[in-house]
Amino acid sequence: LYRRVQPQDHHEWSQYVLTSAKQLHPEGLTKSGIMVGLGESWEELEETMRELRSWKVDILTIGQYLQPSRQHLPIARYYTLEEFQRLKEYGYSIGFRWVESAPLVRSSYHAAEQVRELSSGRNFKG
């Protein structure tokens, strides 16, 4: 999803980091995030979410991309609250232990609460 936004990054590096973290500490929590609104399709979002789950990612954050300045990529579209809810439900349906999905969600959104709740052995479906 991020080839246009971060062309210097490599998909394989993300996969390596996330899967290695889980292999080194299987009980540890892994987390990744997605920004929406840059022209991605719904199918690409679902595919990316499935791929992250196949890497055993536990926590997923999904937020709206907001253009920081005129020099940055423009917003292709704004997602509705209902769409964020659908993404959250889909994330839980494929096995994420925690999903934060809303326009202003960022990678650190409720991080302490996520770790505290999931470290207690509970799955959150909030």
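Selection over region 40-67 of residues that are of a type in the set (Gly, Ala, Ser), closer than 18 Å to Glu12 by Cα and in a loop (DSSP other than H, G, I, E, B) gives a count of 0. In region 40-67, the residues that are open to solvent by 30 Å² or more (accessible area, probe 1.4 Å) form Cβ pairs under 9 Å with partners that are assigned to a helix (DSSP H, G or I) and aromatic (Phe, Trp, Tyr), at six or more places apart or across chains, as follows: Glu46/Tyr90.
The numbered conditions (1) under 19 Å from Pro26 (Cβ atoms); (2) modelled with pLDDT of 95 or more are all true for Glu47 except (1). Residues that are of a type in the set (A, V, I, L, M) and more than 15 Å from Ser101 (Cα to Cα) within region 41-64 comprise Leu52, Val57, listed in sequence order. If we keep just the residues of region 68-105 that are farther than 19 Å from Gly39 by Cβ and either polar (S, T, N, Q) or without any contact (Cβ under 8 Å) to a residue 12 or more places away in the chain (or both), which is surrounded by the fewest Cβ atoms within 10 Å (Cβ to Cβ)? Of everything passing the filter in region 68-105, Glu82 is surrounded by the fewest Cβ atoms within 10 Å (Cβ to Cβ).
Restricting region 92-126 to residues that are farther than 14 Å from Asp58 by Cβ and of a type in the set (A, V, I, L, M), the residue that is modelled with the lowest pLDDT is Ala112.
The values are calculated or read from the model by the stated rules, or taken from the named source; none is laboratory data. This structure is a prediction, so every number in the text was calculated from the model and none was measured. Don't worry about glycine lacking a Cβ; one is built from the backbone with ideal geometry, like all the others, and counts go over all protein chains shown. These accessible areas exclude ligands, DNA and RNA; they are computed on the full protein's heavy atoms, side chains included. Shrake-Rupley method; radii C 1.70, N 1.55, O 1.52, S 1.80 Å.
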